[in-house]
1. Take the residues in the range 155-172 that are out of contact with any strand residue (DSSP E or B) (no Cβ under 9 Å at 6 or more places or on another chain) and at negative phi, then tell me which one is surrounded by the most Cβ atoms within 10 Å (Cβ to Cβ).
2. Could you list, ordered by first residue, the pairs with Cβ atoms under 7 Å in which the first is in the range 222-235 and closer than 15 Å to residue 152 by Cβ and the second is exposed (fewer than 15 other Cβ atoms within 10 Å of the Cβ), at least 6 apart or interchain?
3. Please enumerate the residues belonging to the range 286-318 that are in a strand (DSSP E or B) and under 15 Å from the mean Cα position of the chain (by Cα).
4. Need pairs with beta-carbon distance below 7 Å; first residue in contact (Cβ under 8 Å) with a residue 12 or more places away in the chain and on the phi > 0 side of the Ramachandran plot and within the range 322-350, second surrounded by fewer than 24 Cβ atoms within 10 Å (Cβ to Cβ) and part of a helix (DSSP H, G or I); sequence gap 6+ or separate chains.
5. Only one of (1) in contact (Cβ under 8 Å) with a residue 24 or more places away in the chain; (2) closer than 27 Å to residue 89 by Cα is not met by residue 275, so which one is it?
6. For the range 332-354, which residues satisfy the criterion of being in a loop (DSSP other than H, G, I, E, B) and under 22 Å from residue 399 (Cα atoms)?
7. Could you tell me whether residue 99 is in contact with a strand residue (DSSP E or B) (Cβ under 7 Å, 6 or more places away or on another chain) and over 30 Å from residue 333 (Cα atoms)?
8. Can you spot a residue in the range 301-315 that is crowded, with 22+ Cβ neighbours inside 10 Å and within 21 Å of residue 420 (Cα to Cα)?
């Protein structure tokens, strides 16, 4: 099916975006209520104009035609150009009001305490086993898309913090916190011979506390360091020092959506829906996901849970805790990175982008890859005094099959990464028509 770019009629307050050319909107979207019904019809002159220009104009005139298009939409950028940023449909989410919901305080020293604040009350969440005393100047690729001095990745198996951008290697400069499962020699204490690196090792289990519990931060949450009686942002040349006290301010949007829906097909729309019933299309699925694979850290997330979120990925688990199975949702430009060539030939990734192909790609952009999502799910929630509040604060991913929403299917690939994927893993999700991420209700 062909796709065409419709203009956005800003003056009339209507949305006209990137939708199948075989459909047309039968009435305008006024900003409230549900999406309009779509009525089928053939491609119009307007819909096919740019495509015809490229076919009919001689090579010498193509540059002029593109210049005219760019002049008509001066705020747009071609995805293929490497531009990244919010598209018009998610502009509001990227300037949304935030509210503080807690803090994490880390004493960067062996035996240092890790405390968290919830509802104004502080409690100890864990202890530092080994401190960090340096940074990693070549962090993971997506760390460069996180704002400096903020959380770059939030996961059940790690927190990564971007300090600055390494412009030489085009990578983020980072340091990390990891749960006790990743401390070398769990049965033996650290010794003086273990030189500190760019990682703070903790005794907090994976999947709880700051690694998937109530105190898990969001991408883009600010990280501060105590200097005397003040908290100051991380300087661009910051490296953790023994005895430093770090504070992460946990902030989330004041007004949460109720769900994000992904039509799992080529050119499928991505919808954002709010509790008041307002629903809007914000992007499109460039490539659907039909397979499951093994992703690091999947051992610590349950079925239908968000395992990790960073500026270039949403990782979803399809297996039980202690097993591995899942898939990922990634933005278009990240899918074209040299180190992610496997995305273009395998089936375990959904690739997403803005509604209009002339808009910038979504790396580090809300609501999918900044500030809105976190891997919050703790099995101990059921036994807490405020268990109802905790259950309502979880994220959940569901699937639509045969027109009905249902729980994520159990698709496990065991726990041995050295065993080749079975054939069924490549098409395990081929019957899924849509996915939706349900947001907390509290």
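1. Kept after step one, since they are out of contact with any strand residue (DSSP E or B) (no Cβ under 9 Å at 6 or more places or on another chain), are these residues of the range 155-172: 167-170.
Okay, now just the ones that are also at negative phi, so 167-169.
Working: 167: 8, 168: 8, 169: 12.
Taking the candidates together, the pick is 169.
2. 222/233
3. As a first pass, look at the range 286-318 and keep what is in a strand (DSSP E or B): 286-287, 293, 306-310, 313-317.
Of everything in the range 286-318, those that are in a strand (DSSP E or B) and under 15 Å from the mean Cα position of the chain (by Cα) turn out to be 306, 307, 308, 309, 310, 313, 314, 315, 316, 317.
4. Note: pairs meeting the criteria are 322/299.
5. Among (1) in contact (Cβ under 8 Å) with a residue 24 or more places away in the chain; (2) closer than 27 Å to residue 89 by Cα, the lone unmet condition for residue 275 is (1).
6. Quick first cut of the range 332-354, residues in a loop (DSSP other than H, G, I, E, B) only: 336-337, 345-348.
Across the range 332-354, the qualifying residues are 346, 347, 348.
7. Numbers: in contact with a strand residue (DSSP E or B) (Cβ under 7 Å, 6 or more places away or on another chain): yes; over 30 Å from residue 333 (Cα atoms): yes.
Yes; evaluated as a whole, the condition is true for this residue.
8. Checked against the condition, which is being crowded, with 22+ Cβ neighbours inside 10 Å and within 21 Å of residue 420 (Cα to Cα), the range 301-315 yields at least one hit.
Laboratory data are not the source of any read-out in this text; all were calculated from the coordinates shown. Quick caveat, the model's predicted, so the values are computed rather than measured. Note: ideal-geometry Cβ built from the backbone for every residue, glycine included; neighbour counts use all protein chains shown.
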